[in-house]
Amino acid sequence: MIEKSHKHVNCEACAVRSNSIFAHLTGEDVANLDHHKSCQFYKKNQTIFVEGSYPRGVYCVNHGKVKIYALGDEGKEQIVHIAKAGEVIGFRAMLSGESYKLSASTLEDSNICFVSKDDFLNMMDTLPSLRNSLIQELSKELGERAIFITNLAQKTVRERLAYSLMILADIYGDEPINLSREDLANFVGTATETLIRLLKELKEEGLIDTQTRKIFITKKEELIQLAGGHR
């Protein structure tokens, strides 16, 4: 768990700012961002925002991981994205002036910074580098969501699982994939029982290894082939 003393993060010293839309800010602009943001520690499974509410600002993940998801008619989650450290979430609804179409909650203990709507929009108006980074992020996300939807519609569940594991391997980096089986099933878009059976098959085939809920990819190229060439 993050100690409370780690809750307040200085933007200039932030280790993940280089991976965010704030990467190109320098000097006085970084100091201005630091002055206008606040930080908060979130426990695992704590809600950040919910579908239907209206955005008050944007959230930057300093430490931890956040799931972005929609709820189906029967309350089942469909996870559409997992945000890692450095990612800014919640700005799409804020820019559109509409309510959130998705919900967000933490997958693990997380430290998350917040910039109010007025402050963020003011920075966008005065900082071309931030505006350009935001446009690039929106364009990138549009392409990724198109691929995600296509995979959900056209791949088998086994192929979707392999594809999802490759995405998660990128998100977790050197660490093992560490999701509950229910969250992983909601990311793949299948029933938890089906997910558990397919994980067992992949383990028996030597493509992955598991230790309790942690998943280790042992044969990356074979898994990429099964996923349909995702890299």
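The values are calculated or read from the model by the stated rules, or taken from the named source; none is laboratory data. If you're wondering where the values come from, they're calculated on a predicted model, not measured in any experiment. As a convention, Cβ positions derive from the backbone with ideal geometry for all residues, glycine included, and neighbour counts pool all protein chains shown.
Here are the numbers for the structure shown:
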read-out: Region 41-90 - residue that is within 25 Å of residue 143 (Cα to Cα) and hydroxyl-bearing (Ser, Thr, Tyr) and, of those, nearest to the chain's Cα centre (by Cα); value: 69
read-out: Helices (runs of 4 or more DSSP H) completely within region 127-231 that count 3 or more residues being in contact (Cβ under 8 Å) with a residue 40 or more places away in the chain and in contact with a helix residue (DSSP H, G or I) (Cβ under 6 Å, 6 or more places away or on another chain); value: 157-172, 220-227
read-out: Test for residue 199: is it more than 21 Å from residue 64 (Cβ to Cβ), at pLDDT 95 or above and crowded, with 17+ Cβ neighbours inside 10 Å; value: yes
read-out: Hits in region 20-57 - residues which are polar (S, T, N, Q) and surrounded by 14 or more Cβ atoms within 10 Å (Cβ to Cβ); value: 20, 32, 40, 46
